[in-house]
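The values are calculated or read from the model by the stated rules, or taken from the named source; none is laboratory data. Worth saying up front: this structure is predicted, and the values here are computed from it rather than measured. Methodologically, a virtual Cβ is constructed for each residue, glycine included, from the backbone with ideal geometry; neighbour enumeration extends over all protein chains shown.
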Amino acid sequence: MLFARVNGIPFPRKDRGRPYSSYVKEWKDARAVRGLEIPDGPPPKSERPEYSCNVGAAFPGEKRAKSTWSDHDEVVAWVARYLAEPNARDRASQRGYDAWARQKAGAPWASVLERRGGWVAVREEAWERIGW
C-alpha cells in the first residue's frame with residue numbers, strides 16, 4: 001500500500017469481511033484485461049526496489065482519493081449530496097453515508113467526519129445548507 005500511496009495509484013477501500021487476496025485477484029484480472037504482465041508475487045527482498053519512492057507508476061489520469069480533507073466546506077458538501085438522495089432523508093445515518101460513499105469516487109470516509117465534530121454535527125450543517 002505504501003507504493004500505491006506514494007505513486008498516486010488508486011487503492012480500493014477494504015470492505016469489511018473481504019479478504020485481501022480477493023483484491024489481489026481483482027487487480028491481476030484487471031491487468032490481464034489490459035494485456036499487462038501479471039507478477040506471481042513480490043520479488044525476493046534483496047531485489048525489491050525502494051517502495052517509498054514515486055517512480056511514476058500511476059497510469060495517466062489515475063488519482064487516489066483524498067486522504068486528508070482540509071476543506072470543511074467540501075466535506076459538508078459531500079454529506080449534503082448524500083442527504084439529497086431520495087432515500088437518505090428517511091435514513092440519514094453514518095452507516096448509510098458510509099455505504100453511499102463507497103459507491104462515490106472521491107467521497108470522504110465517515111471517519112473524516114469525526115475530525116469535523118462528528119456525524120451529527122456535519123449532518124446538521126449539511127441539512128442547513130440544503131434548506132431542510
- Message: I need every pair where a residue in region 98-113 that is closer than 14 Å to Val75 by Cα has its Cβ under 6 Å from the Cβ of a residue that is of a type in the set (S, T, N, Q), sequence separation at least 6 or different chains.
- Response: Ala110/Gln94
- Message: Cβ contacts < 6 Å: first residue over 19 Å from Arg102 (Cβ atoms), restricted to region 1-25; second residue at pLDDT below 75, any location; separation 6+ or different chain. Result?
- Response: Gly8/Arg64
- Task: Just one of (1) modelled with pLDDT of 85 or more; (2) closer than 24 Å to Gly106 by Cα; (3) assigned to a loop (DSSP other than H, G, I, E, B) trips up Glu62, so point out which.
- Result: (1)
- Message: I need a count of the residues in region 103-113 that are loosely packed, with under 13 Cβ neighbours inside 10 Å and on the phi < 0 side of the Ramachandran plot.
- Response: 4
- Out of Val55, Val75, Val79, report the one residue that is surrounded by 11 or more Cβ atoms within 10 Å (Cβ to Cβ), modelled with pLDDT under 85 and among the β-branched types (Val, Ile, Thr). Val55
